1. Sorted by accessible area with a 1.4 angstrom probe, largest first, how do ARG118, ARG125 fall?
2. Please report the projected area of region 30-83's Cα convex hull averaged over all directions, in nm².
3. Could you bin all the Cα-Cα distances of region 47-148 into 10 Å bins starting at 0 and give me the percent of pairs in each, rounded to whole numbers?
4. I'd like to check one number: the per residue accessible area of region 79-144, probe 1.4 Å, reported in Å² as a whole number.
5. Mind giving me the nanometre distance, one decimal, between the label points for GLN138 and THR110, set 7 Å out from Cα along Cα→Cβ?
6. If you build the Cα gyration tensor of region 96-148 and take the root of 5 times each eigenvalue, what three semi-axes come out, in whole angstrom, biggest first?
7. Using 7 Å Cα-to-Cβ label points, what is the ARG83/THR6 separation (nm, one decimal)?
8. Using a 1.4 Å probe over the heavy atoms of the protein chains, calculate the carbon and sulfur portion of the accessible area of region 35-148 as a whole percent.
Amino acid sequence: MSSTATVTATVGRPRDVVSAFATDPQQVLPLISGFGRFRFLGELDEPGHEEWEAFLDVGTLHIGGAIDIDRTADHHLAWVAVRGTRHTFDLIVEPDGADRSLVTMTMTITLSGLVMSRIAEQFARGIMHRHLDAAIQQLRHHLEWEQG
């Protein structure tokens with residue numbers, strides 16, 4: 001069983017500006033306060049893929065480990081865990097009018113086990129949602145007010 005949290009926000013900047021920042025891990029990860037640790041590990045054999053180490057504190061769970069970041073699609077940042085907690089993350093930037101963008105963040109975690117993992121996933125969904133909501137608002141604020 002897995003648990004997914006999704007948040008969206010409208011950012012008052014054009015899609016290309018939002019995408020350039022939001023899909024670059026070196027820029028966006030330091031901005032998201034829920035990520036306690038992250039670092040670039042190196043390029044992977046597949047073009048457009050990088051290996052990073054990232055940890056998101058979700059209550060007492062530390063979601064993370066080594067991740068494969070896929071930067072091959074325009075206006076999209078995606079990763080999948082290769083070591084550590086099994087999880088995926090997607091950030092998509094879509095146009096929302098001439099000078100606005102719609103940003104969507106989705107994170108899914110999968111924990112091993114039966115009863116206890118299902119209980120933990122239910123708690124984690126709410127905490128993940130709050131972290132993602134804070135992250136997307138931090139991103140919006142930075143792009144609208146600090147980078148403006």
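The values are calculated or read from the model by the stated rules, or taken from the named source; none is laboratory data. None of these values were measured; they are calculated from a predicted model. With ideal geometry, Cβ positions are generated from the backbone for all residues, glycine too; neighbour counts draw on all protein chains shown. SASA here: full protein model, heavy atoms, side chains in, ligands and nucleic acids out. Shrake-Rupley method; radii C 1.70, N 1.55, O 1.52, S 1.80 Å.
1. From most accessible down to least: ARG118, ARG125.
2. Numbers: hull surface 16.3 nm².
Average projection, Cα convex hull of region 30-83: 4.1 nm².
3. 14, 40, 33, 12, 2
4. Dividing the accessible area of region 79-144 by its residue count gives 52 Å².
5. Here the modelled spin labels are 2.8 nm apart.
6. Listed largest to smallest, the semi-axes of region 96-148 are 33, 11, 7 Å.
7. In this crude spin-label approximation the distance works out to 3.2 nm.
8. On the way: 3380 of 6240 Å².
Taking all protein chains in place, region 35-148 shows 54 percent carbon and sulfur surface.
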